Amino acid sequence: MDALQRHTNDQDDGSPPISRRDLLRRTAANGAAVAAVALSKTYAEADNAELPAKSQPVRGLLYPQQNQHRNLLDLSGLWQFQLDPNEEGEAEEWFRALPSPRLMPVPCSWNDLFDDAHNYLGLAWYSHEIFMPSGWRGHRIFLRVGSATYLAKLWMNGKLLTEHSGGQLPFVVEVTESLLWDQKNRITIAVENKQLPERVPPGAGPGGGGVAGVMGGFPLTTYDFFPYSGLHRPVQLFSVPPSAHIDDVTVVTNIEGKDGVVNLTVAASGQYAGRGKVRLGDIETDLTFGDGTTNIDIRIPSARLWRPNDPHLYPLTVMLSDGPSITDSYSLDIGIRTIAVRKDQLLLNGQPIKLTGFGKHEDFPLSGRGENLPMWIRDYELLRWIGANSYRTSHYPYAEEAMRLADRLGVLVINEIPAVGLNFEDSAELTQHRLTQCKQQIKELITRDKNHPSTIMWNVANEPMAGPPLGAGQPAAQAVEAGQQFFRQVYDETRRLDPTRPITLVGVQGGPPQWHGIFDVVCINRYYGWYTHAGQLDQAAKALADELDQLHDSFRKPIIITEFGTDTTPGAHNMPPEMWTEEYQVEFLRRYLTVAAERPFMAGMHVWAFADFKTGQATMRADGMNLKGVFTRDGRPKMAAHFLRTQWSRK
Ligand code: GCB
């Protein structure tokens, strides 16, 4: 272990170590005044803010659907919108009507549509009127917000109904009693995206809060992607029957010989103790509920297993019944597959699998982080074209439609909570708040995505730190220990919530290796040849190879490189390859793939990144962009994309 640390801390290229924190200090000279103001403002506000430490209840987060028993209204479209920099909206009752609204699409980020909203991270209001036909009367009606980044407060007809914190996961609230029939009803959602130290991801602040401005950027964040804000996923209204309804469905699949065994748990509302049915493919069987739940095993003889080259889905319908009549039903498509770790191998359906693919972002011009179905369809097409079988939802949960598509198209997903920018040198108090939120986020994510066969692993953090990254100093012992205790608890909670999938943590270059010992798979991000060993790919490849061997010796677990890549200006060329050129990106990727191919314990290689993406303005980020994509932001291939295709294409 010591040898490993020593190695990553050595700079054998003769260049001085780069610390991103130092970089901030050096490069933020121009932006220093702005940054200082932003820091003291956000931190002062944080002092007064109510810390969102209380755990929020998670009910079932089933994706809403329409059928004989359920209604569904998608409220996507143009909403009214108003920034509230002075935070006067609540006192002035903007939940009744916005005083001077403009139009804003939902889903969408607010940042790219109006210049005054571009870098805005404060409070903003969304308002929308819907007509409620009395045809829905007699049902229970819920409002579901797919994601509101970061903190949301929701009013219906002027009445505050709920709050939610955490930017990328849905929340649901019952609105039945607040609705007016055959009239217009006003929904108001206040959304706020301050970068506060006690949040996850943490904002930058004096006395704590990650590495302030990882890239020395503006807006100031602890992470390297643009802090897009707003209602990023659809808002939906749905109804369920008034008596009992299906609240949650949990599917766990196993393989016995040639058979698939589907373990099904159904939760119904209100201690339901009646009967039900389940249909899986052409198998139908009765269910008996007690105290609102039922559990059953269903065997599918000679099952067609779900896998990337044949992502077969079986239709599953769960029903509640009252005598011969069905009173509620819910359908989903399930895949029968297993995912496991055996020694240093990752096994899909009992067979070793190697992940090929990328870290991605939800990022596109104008729509920002808003759910963008054309982007998703094109991204999956490009993944198919290039021969990738997987990606990671860096650095937050992605849209539910993206997860549903992954099931259908046979793409494997490492599913990540928004825990990016954690730094265990911060105070114990901040760490405790973040722990509460990480546990809440993993709970909400598992509740939302547990039935997707495409999700093969949970990732609980990206690049947590215990001191400077990239070998710019030894991790601090106390911080390493604080992280150890933190991740032990997050691991145990994740394992309690999902006993089936491997759990991982994505480690930063130069970070403490010990934390990997807690997890099932070792995932690491490495930038030898970019942030260190700049321009020296032979030395970079050697450093990588040595570290991988040491990690394998230490842990004997599967290893995945979840990030490796170089910023590359599209159209920049040079011989011999130099940094920022397309040739350099190709040569860098070639070295890494070669090193991995020589090591049978390598379970996957995810290039950083799938496409160029927007980040804060910074000296190290040309054009406010991270250019490590192998595709441009609009999906045009760089040379590296063609190179990867020759390596990965399914033959
Ligand atoms: C990382 C981060 C990622 C950054 C990337 C980079 O290690 O996980 O969010 O974008 O490095 O390009 O520096």
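The values are calculated or read from the model by the stated rules, or taken from the named source; none is laboratory data. Values in this document were obtained by computation on a predicted structure and should not be read as measured data. Using ideal geometry, Cβ is built from the backbone for each residue, glycine included, and neighbour counts are taken over all protein chains shown. Surface accessibility is based on the protein's heavy atoms, side chains included, excluding ligands, DNA and RNA. Shrake-Rupley method; radii C 1.70, N 1.55, O 1.52, S 1.80 Å.
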Review point. How much of CYS108 can a 1.4 Å solvent probe reach, expressed as accessible area in Å² and rounded to 10?
Key: 10 Å²
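In what sequence, highest mean first, do 336-344, 285-293 appear when ranked by Cβ atoms within 10 angstrom? Please report the intermediate quantities before stating the final value.
Numbers: 336-344: 17.4, 285-293: 14.1.
Most protected by this proxy first, the peptides run 336-344, 285-293.
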Review point. What are the residues whose amide H is under 5 Å from the amide H of ASN185, where those residues sit 5 or more places off or on another chain and H is modelled from the backbone?
Key: ILE130, PHE131, MET132
**Study point:** Percent RCO, i.e. relative contact order, over the range 207-332, from Cα pairs under 8 Å lying at least 6 residues apart
**Key:** 21 percent
Study note, to complete from the structure: D (µm²/s, integer) via Stokes-Einstein for the chain, Kirkwood Rh across alpha-carbon pairs, 25 °C, 0.890 mPa s: value 96 µm²/s
Study note, to complete from the structure: Residues meeting the amide H criterion for LEU83 (H placed from the backbone, H to H distance under 5 Å, 5 or more places apart or on another chain) are TRP125
Review point. What net charge is computed for the residues neighbouring GLY350, neighbours being all others with C-beta under 14 Å from the C-beta of GLY350, Lys and Arg scored +1, Asp and Glu -1?
Key: +3
Check your understanding: With Cβ to Cβ distances under 15 Å as the rule, what net charge do the other residues near GLN478 carry (K, R +1; D, E -1)?
Key -> -4
**Study point:** Shape of the range 222-287, Cα gyration tensor, a/c cut at 1.5
**Key:** oblate
Point to revise | Paramagnetic reach from ASN263 (point 7 Å along Cα→Cβ, amide N under 16 Å) across the range 322-350 | key: 336-341
**Study point:** Alpha-carbon radius of gyration plus Dmax, which is the widest Cα pair, for the range 272-369 in Å
**Key:** 19.1, 54
Point to revise | Net +/- balance of residues flanking PRO576 in space, Cβ distance below 10 Å, scoring K and R +1, D and E -1 | key: -3
Exercise for review: Please list, or write none, the lysines whose alpha carbon is within less than 24 Å of the alpha carbon of LYS443, excluding same-chain residues fewer than 8 places away.
Suggested key: LYS54, LYS153, LYS194, LYS360
Revision key, fill the gap. Excluding residues fewer than 8 positions from LYS277 in its own chain, the lysines with Cα under 26 Å of it are LYS258, LYS450
Review point. With every protein chain present, what is the per residue accessible area of the chain (1.4 Å probe, Å²)?
Key: 37 Å²
Review point. Of LYS557/LYS628; LYS557/LYS638; LYS439/LYS628; LYS614/LYS638, which ones are farther than 22 Å apart at the Cα?
Key: LYS557/LYS628; LYS557/LYS638; LYS439/LYS628
Exercise for review: Output ³J(HN,Hα) for the range 68-78: one whole-Hz value per residue in order, computed from phi by the Karplus curve 6.51 cos²θ - 1.76 cosθ + 1.60 with θ = phi - 60°, and x for Gly and Pro.
Suggested key: 4, 10, 10, 10, 8, 10, 8, 9, 4, x, 8
Exercise for review: Work out from phi, with θ = phi - 60° and the Karplus expression 6.51 cos²θ - 1.76 cosθ + 1.60, the ³J(HN,Hα) of each residue of the range 490-497, listed in order in whole Hz, and give x for Gly and Pro.
Suggested key: 5, 4, 4, 5, 5, 5, 5, 6
Point to revise | Other-chain or far-sequence residues with amide H under 5 Å of THR293's (modelled H) | key: ALA268
Review point. Please state the relative contact order of the chain as a whole percent: Cα pairs under 8 Å, 6+ residues apart?
Key: 15 percent
Study note, to complete from the structure: In whole Hz, the Karplus estimates of ³J(HN,Hα) for the range 230-235 (6.51, -1.76, 1.60; θ = phi - 60°; x where Gly or Pro) are x, 8, 8, 9, x, 9
